[in-house]
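Please treat every number below as a calculation from the coordinates, not as lab data. Computed from a predicted model, the values in this text were never measured in an experiment.
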Amino acid sequence: MRTLYSAIVAVMLLALAPLPGLAAEKEHRIAIQVDQDDPQVMNLALNNAANIMEYYKSRNETAQIELVTFGPGLHMLRSDSSPVRDRIKQIVDASFPSTIKFLACENTKQGMEKREGKPVGMISQAELVPSGAVRLIELQEQGWSYLRP
């Protein structure tokens, strides 16, 4: 009986073991902060995101990237003032199998609208979050890697 039990356990362990050459796909999660109205900083953040996605794609791994804008960095996602809107579209179009999100701080947007006395439009790729800073905190608490270009 003991031999039969040992044989069953051995077969079960073999069935659960990964096959050689088939690496388990790993997913990386990266939060990138943009808080400056500086085209160089914005392009650096986009370069980082594109390079990260390409690197992990070459290793058959995926990445989730959230690029979080707040303060003066919100201009990156404004439809009327983004110096990088075309690049953002290119990166989103080329992101598969990884995913990239462009998050805009609602607090900052409301402050800009109040100061400017008009609605502030966002590019189509932008998603609003209540607070950019809080979003970064929450992502880090969930184990995301943090990058500030």
Phi-derived 3J(HN,Hα) across the stretch 39-50 with the Karplus relation (6.51, -1.76, 1.60, θ = phi - 60°), rounded Hz, x for Gly and Pro, is x, 5, 5, 4, 5, 5, 4, 5, 4, 4, 4, 5
Taking only the alpha-carbon positions of the stretch 26-147 as identical scatterers, the Debye log10 I(q)/I(0) at q = 0.12, 0.19 Å⁻¹ comes out as -0.41, -0.98
Taking 0.36 nm per residue of separation between GLU61 and SER124 and subtracting their Cα-Cα distance, the length gained on full extension comes to 20.0 nm
